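Every number here is computed from the coordinates shown, using simple stated rules; none is lab data. What you see is a predicted model, and the numbers here were worked out from it, not measured in a lab. Reconstructed Cβ throughout: ideal geometry from the backbone, glycine too, with neighbour counts over all protein chains shown.
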There are 2 protein chains.
Amino acid sequence: MKVYNANILFTKERSHFEVLENGYVAVDADGRVTGVASDLASLGADASERQNEPDDGTEIIDFGDRLLIPAMNDLHVHAAQYRNQGIAMDLELLPWLQNYTFPEETKYADTVYAERMYRRFVHDLWRAGTMRTCTFASIHTESTRILMRLFQEAGMGALVGKVGMNRNCPENLSESVEEMVQGYESLIEEFNGPDALVRPIITPRFIPSCTPEMLRACGELAAKYQLHVQSHLSENKDEIAQVKILEPDSTCYGDAYDRYGLFGQTPTVMAHCVFTEQEEMELMKRRGVMVAHCPTSNLNVTTGIAPIRQFLDKGLRVGFGSDISGGHSLSIFQMMIYAIQMSKLHYQRDHARSFLTLSETFWMATKSAGSFFGQVGSFEPGYEFDALVIDDHELNHDNYSLLERLERFIYLGDDRQIAHRFCRGKEIPEPSIFCIFAE
Amino acid sequence: MKVYNANILFTKERSHFEVLENGYVAVDADGRVTGVASDLASLGADASERQNEPDDGTEIIDFGDRLLIPAMNDLHVHAAQYRNQGIAMDLELLPWLQNYTFPEETKYADTVYAERMYRRFVHDLWRAGTMRTCTFASIHTESTRILMRLFQEAGMGALVGKVGMNRNCPENLSESVEEMVQGYESLIEEFNGPDALVRPIITPRFIPSCTPEMLRACGELAAKYQLHVQSHLSENKDEIAQVKILEPDSTCYGDAYDRYGLFGQTPTVMAHCVFTEQEEMELMKRRGVMVAHCPTSNLNVTTGIAPIRQFLDKGLRVGFGSDISGGHSLSIFQMMIYAIQMSKLHYQRDHARSFLTLSETFWMATKSAGSFFGQVGSFEPGYEFDALVIDDHELNHDNYSLLERLERFIYLGDDRQIAHRFCRGKEIPEPSIFCIFAE
């Protein structure tokens, strides 16, 4: 058992922070929180309930005046677009896809290139404090395998999607349904088990990129192997109109996925949902589908602003996605700021829609998004200990309160303040960017 | 004469970047650019036109593969709100002003406190690569003097405003017109001359905070000492309505300033202009009034989005303001990103309003904003050499073009990539945060 001592902040409920000044959190050998308290004595009471377990000694790790918070979770990002982060931002969607995005993804047929880029990607997620990632790779099975091995090597949690696509895309980014299924099964063979930190996730790119046969095969794979599902939903109006033509029987875009078993039959996350309306919301609510809100991407790609306040009011599950390379920042802390700011634009137009607060966006980034990976994102007993230790002494040059220190770290800070990172109870060292796998 | 060798990027025109791979810029002993060229020989031709000047030897400084760009200019920021950067962001405007902003500004009656905070402020501007700043201080003359001395000590350019206010504000943030004038004259005595790098700027807080007598005295001071003017304009609709009541004869908010000689009679910058309409635009155009666009502040304070494309189309002068503590970031590079993103929201609603490009926002931050401080913000001959050397090797891990390297630095980078900073031809070392002035 390990006990961490620091100023502890987390969001059990989205309405407010739990703040334990000089508090303690106990973590067992499996990496799960067994108790969190303001003093060691109260923590002991929790621990004594577990007296039947073998006593392997309790180690107390003192982080002093630093902040201890849950680690970040990224629910939507394109690993195979990592080279394009922060370039071509002046382009419209179509030339961006044709001249930058698709040509870049084709490069991942080359596993040497893939390892080089994916190592930077995993390294930079680590740097940003993101310990769990739900990511698109590319159609290429072997490059996807490399990305999964890199997450495994790093000790960081990931749901990694070999991308399914076989229509409306360049020929060298298309594969047959059989190839797709075989590729998935070979990845499932290597990475599986419900407790695995790194697992495949079924990833049809989106309805317009996949034939009904491919969508059906995706749904069958998800059901057969009980795998999570990710895709894009209602990002822009042209796309929604196209889906209506391709799937004329569907009552809404989400319903089109639903008909193929890709909408909550297994845990599902859908990126964007900018134009999701009542019917789609209802279906998402019923199916427990998670929204990956990607505010920077929605701004950069001139999409619009997702109605997050309505989603929360309706009880939908919502987390954040950095959506590189539509988004330009890997930092989920930046997503919190942008989400608050975008909600303030909604509020400015309609005061009935109150803007998002810091605790709400922190909860979205941690406890809400974390639930997609299991019991992740909080310090309540039973949760896996995914945590960041924040050394904010440079920002804390006056008598700031603990909440003000956290707010300043989020608004002004960056990876320089992240002193330690934990995933499932283990401290995660800096992943290497030196290539060794591919030849 | 010094000649700097690097990859040089700047915006002579707002439509595109000048890009000189492995180029040269020559700077004379006064800190002014004498030539910029792709090779030394062409630079010599420029230099030979200056052969009557004494030849003090030419030193070549080689920055290798790094990027050399003009330094940043911040046209609107509240130095006396620096402690509040990144806190209280969940509050509405009124409780934010009453519980955070005004109480904070009153602390600057204490020069010891002022020196401590102002040293961090100047240090962090340096860190962000901002070499010229137009800033509000507080009503306190002696604290304002300290801030001006700190800019002088650092060697960084600044227009610093002792704030004028005598109505609709806490009593301890109000002073009489006579005190205001005396305070200004004592600062003018110490810091003056048109070539001074640090000068006072006339700073009525805004119309609602100043009686007609104070506004008149401000206009007279500006005219008598030929000082620049700064204030707030058309930030929100309540404020505009209040100005209409206070100054019933004015035809628009800008016209209210104009009647007191505070709208372009001397160089004038107005922050925000979110709700500026045609008549105000026309007046600003005629008077050459500069807009300080503060996109982060406008989002954080739930103000709205300023119509920057319209301002540019009309030929208005526009630059950026970080507007701490309404804004949360001191980085003018961040202002470029936000300005592009906000313009994309306008574009998304109305495709006739094309969104801002990187070269346009770079030009706004450098050549356009720089013009408020003199010939600043470009590497054309005659311009003062204000520059940043960007060491982006960590971001440049693939075969990116020079423009892509600049774009990645702006979107992904931070102060870690700023290797050298120059203001008026001198390299500026890191300013000290250790207090020595105040007792």
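The Cα center of region B:415-437 and the Cα center of region A:63-86 differ in position by 31 Å. Placing +1 on the Cβ of every Lys and Arg and -1 on the Cβ of every Asp and Glu, with nothing else charged, gives the protein assembly as shown a dipole about its Cα centre of roughly 1340 debye. With its label point defined 7 Å out from Cα along the Cα-to-Cβ axis, A:S42 lies at 7.1 nm from the matching points of the other copies, in increasing order. Chain A holds its axis-closest Cβ, relative to the rotation onto B, at the residue and whole-Å distance A:D414, 3.
With unit charges on the beta carbons (Lys and Arg positive, Asp and Glu negative) and the dipole taken about the Cα centre of chain A, which residue among A:I433, A:T144, A:G319 sits farthest to the positive side? Going by the charge dipole, the pick is A:G319. Each residue of region B:176-184 was assigned a 3J(HN,Hα) from its phi angle through the Karplus expression (A = 6.51, B = -1.76, C = 1.60, θ = phi - 60°), giving 6, 4, 5, 4, 4, 5, 4, x, 4 Hz with x at Gly and Pro. Computed extension gain for A:N399 through A:D65, at 0.36 nm per residue and net of the alpha carbon distance, reaches 118.9 nm.
For A:Q310, inter-copy separations between label points set 7 Å beyond Cα along the Cβ vector come to 2.7 nm, shortest first. Amide H contacts of A:V318: A:V291, each under 5 Å away and 5 or more positions distant or on a separate chain (H built 1.01 Å from N in the peptide plane; Pro and chain starts excluded). Near B:A158, the amide H atoms lying under 5 Å from its own belong to B:T133, B:V198, B:R199; only residues 5 or more places off or on other chains count, and H is placed 1.01 Å from N.
The A:E18 and B:S38 beta-carbon pair, evaluated with R₀ = 41 Å, returns a calculated FRET efficiency of approximately 0.10.
A simple count of charges around B:G413, restricted to other residues whose Cβ falls under 14 Å of its Cβ and scoring Lys, Arg +1 and Asp, Glu -1, yields -3. Scalar couplings 3J(HN,Hα) for region A:428-435, obtained by applying the Karplus form with A = 6.51, B = -1.76, C = 1.60 to θ = phi - 60°, are 9, x, 4, x, 7, 9, 7, 7 Hz; x denotes Gly and Pro. Peptide B:113-121 is shielded by partner chain Cβ atoms: per residue, an average of 1 of them sit within 10 Å of its Cβ.
If packing is taken as the mean number of other Cβ atoms within 10 Å per residue, what is the order of B:360-370, B:426-436, highest first? Numbers along the way, then the final one.
Working: B:360-370: 27.6, B:426-436: 13.3.
The peptides rank, most packed first, as B:360-370, B:426-436.
Over all other residues within a Cβ to Cβ distance under 14 Å of B:Q242, the charged ones net out to 0, with Lys and Arg as +1 and Asp and Glu as -1. With Cα atoms defining each centre, region B:176-228 and region B:117-160 are spaced 17 Å apart in the structure.
Once the Cβ-Cβ distance between A:Q265 and B:F102 is put in as r, and R0 is 56 Å, what FRET efficiency do you end up with, to the nearest 0.05? Show your work: numbers first, answer last.
Details: r = 56 Å, r/R0 = 1.00.
The pair A:Q265/B:F102 has a calculated efficiency of 0.50.
Between B:S176 and A:R416, the FRET efficiency from the beta-carbon distance, with R0 = 45 Å, is close to 0.45. Sequence-ordered 3J(HN,Hα) estimates for region B:101-111 from the Karplus curve with 6.51, -1.76 and 1.60 and θ = phi - 60° stand at 6, 5, x, 5, 5, 5, 4, 7, 5, 8, 6 Hz, glycine and proline given as x. Each of A:E153 and B:H351 was given a label point 7 Å from its Cα along the Cα-to-Cβ line. The distance between the two points is 4.6 nm. Restricting attention to chain A, lysine pairs at least eight places apart or on different chains and with alpha-carbon atoms under 16 angstrom apart total 4.
Averaging the Cα positions of each part gives two centres, and for region B:347-400 and region A:3-28 these lie 43 Å apart. Per residue of A:328-338, other chain Cβ atoms within 10 Å of the residue Cβ number 2 on average.
In what sequence, highest mean first, do B:131-141, B:313-323, A:314-324, B:10-20 appear when ranked by Cβ atoms within 10 angstrom? Write out the running numbers ahead of the final one.
Values: B:131-141: 26.4, B:313-323: 23.0, A:314-324: 24.8, B:10-20: 17.3.
Top of the packing list down: B:131-141, A:314-324, B:313-323, B:10-20.
Each other copy holds its own label point for B:D255; taking that point as 7 Å from Cα along Cα to Cβ, the gaps run 5.6 nm, nearest first.
Look at the dipole of region B:174-257 built from charges on Cβ: of B:F191, B:C210, B:Y257, the Cα furthest out on the positive end belongs to B:Y257.
Scanning residues 5 or more positions from B:G264 or on other chains, none has an amide H under 5 Å from its amide H, with H placed 1.01 Å from N in the peptide plane. With K and R counted +1 and D and E -1, the other residues having a Cβ less than 14 Å from that of A:R287 yield a net charge of 0.
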